1. If the Cβ limit is 8 Å and pairs must be 6+ apart or interchain, which residue in the stretch 143-162 that is free of Cβ contacts under 8 Å to residues at least 40 places away in the same chain pairs with which residue that is surrounded by fewer than 17 Cβ atoms within 10 Å (Cβ to Cβ)?
2. Filter the stretch 134-148 down to the residues that are more than 6 Å from the ligand (Cβ to nearest atom) and more than 23 Å from Met163 (Cβ to Cβ) and list them by number.
3. Touching a residue at least 12 places away in the same chain (Cβ under 8 Å) and either among the small types (Gly, Ala, Ser) or more than 8 Å from the ligand (Cβ to nearest atom) (or both), is that true of Tyr191?
4. Any residue at all in the stretch 85-106 that's touching a helix residue (DSSP H, G or I) at 6+ places or on another chain (Cβ under 9 Å) and within 13 Å of the ligand (Cβ to nearest atom)?
5. For the stretch 10-126, please list each of the strands (runs of 3 or more DSSP E) lying entirely inside it that holds at least 2 residues being modelled with pLDDT under 95 and of a type in the set (A, V, I, L, M).
6. Does Ala133 count as in contact with a Phe, Trp or Tyr (Cβ under 8 Å, 6 or more places away or on another chain) and closer than 23 Å to Leu192 by Cβ?
7. Quick one: what pairs do we get from the stretch 124-138, first residue farther than 19 Å from Glu185 by Cα, second among the aromatic types (Phe, Trp, Tyr) and open to solvent by less than 40 Å² (accessible area, probe 1.4 Å), C-beta under 7 Å, 6+ apart or different chains?
8. Report whether or not Leu159 is within 15 Å of the ligand (Cβ to nearest atom), surrounded by 19 or more Cβ atoms within 10 Å (Cβ to Cβ) and of a type outside the set (D, E, K, R).
Amino acid sequence: MRVTCIGIIRFAPINDPFQIYFEKSVLPGNTDFFIRSQKLEFRKADYTDSHRLLNFYVENRNHLSPWEPERSDHFYTLGYWQEQMQNRRAEMQEGRGVYFVAVDDSDKVVAVCNLTNIVRGVFQAGYMGYAVAEAYQGKGIMKALCECVVKYAFEELKLNRLMSNYLPHNERSGNLLKSLGFEQEGYAKRYLKIHGRWQDHILTARVNPARFNE
Ligand SMILES: CC(C)(COP(=O)(O)OP(=O)(O)OC[C@H]1O[C@@H](n2cnc3c(N)ncnc32)[C@H](O)[C@@H]1OP(=O)(O)O)[C@@H](O)C(=O)NCCC(=O)NCCS
């Protein structure tokens, strides 16, 4: 089965609507998917991305630190990311997580989106986390990558629901989740230790429309 929607991604003035060239091919036994464009590729991350992910987190350290757990010095080393990608390979093989990157034409990771803590059985659910490089913010790239990952989670992984939670003062992230169809489901006190402090989070989720009649 081959599904294609056509458009072209281009760097345009901020807030210019993007159209993306989607190409998703499903061959028997092969569920890898990718989006190629003149400028960006969306794909699953793998071991060869260790140095790219290191550069992403080093270059965006200040931009990301208010929104992420405190990081050790080891986090900013190639050794850490090589270990991490080996662990993530096992997670992906065992269906416990899937990690995606957006790579630009200079072979740099400019955004990440992760499906983690996937639980099967009666839950059939997972969590979505994401971040875009400071220089690439506000261009619709994060939304486009998240849209594909949500589609993958529902159509390929057949999850029933996806959860994604954000800090109450992270308006941008809240707006992004709303624009992706995530609905607020709750408010959790001291939910995660972010930026060195236990912080409340707004809990949101999106349910797989294809499973409504089950
Ligand atoms: C949150 C974050 C991913 C948003 O990325 P972004 O590049 O602004 O997102 P996009 O350009 O794809 O915009 C997607 C949506 O975000 C919202 N958004 C974008 N720019 C915004 C701004 N300046 N103010 C408020 N909302 C904004 C809009 O809802 C937009 O959707 P729309 O264009 O359909 O209205 C980005 O700011 C980031 O990486 N922050 C640091 C890490 C982080 O917060 N991660 C999430 C932790 S919960």
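The values are calculated or read from the model by the stated rules, or taken from the named source; none is laboratory data. As the structure is a computational prediction, the values presented were derived from the model and not from experiment. Methodologically, a virtual Cβ is constructed for each residue, glycine included, from the backbone with ideal geometry; neighbour enumeration extends over all protein chains shown. For the accessible areas, the whole protein counts, side chains as well, though only heavy atoms, and no ligand, DNA or RNA atoms are used. Shrake-Rupley method; radii C 1.70, N 1.55, O 1.52, S 1.80 Å.
1. Lys143/Ser179
2. Step one: of the stretch 134-148, the residues more than 6 Å from the ligand (Cβ to nearest atom) are 134-136, 144-148.
Once the filter is applied, which keeps residues that are more than 6 Å from the ligand (Cβ to nearest atom) and more than 23 Å from Met163 (Cβ to Cβ), the stretch 134-148 yields Glu134, Ala135, Tyr136.
3. Details: touching a residue at least 12 places away in the same chain (Cβ under 8 Å): yes; either among the small types (Gly, Ala, Ser) or more than 8 Å from the ligand (Cβ to nearest atom) (or both): yes.
Yes: the conditions hold for Tyr191.
4. So the first thing to find is which residues in the stretch 85-106 are touching a helix residue (DSSP H, G or I) at 6+ places or on another chain (Cβ under 9 Å), and the list is 85-86, 88-89, 96-104.
The next check asks that each one be within 13 Å of the ligand (Cβ to nearest atom); those that pass are 102.
Yes, that holds for at least one residue.
5. Values: elements: 22-25, 40-44, 98-104, 109-119.
Strands (runs of 3 or more DSSP E) meeting the threshold: 98-104.
6. Numbers: in contact with a Phe, Trp or Tyr (Cβ under 8 Å, 6 or more places away or on another chain): yes; closer than 23 Å to Leu192 by Cβ: yes.
Judged against the criteria, Ala133 is a match.
7. Ala133/Phe56
8. Details: within 15 Å of the ligand (Cβ to nearest atom): no; surrounded by 19 or more Cβ atoms within 10 Å (Cβ to Cβ): yes; of a type outside the set (D, E, K, R): yes.
Judged against the criteria, Leu159 is not a match.
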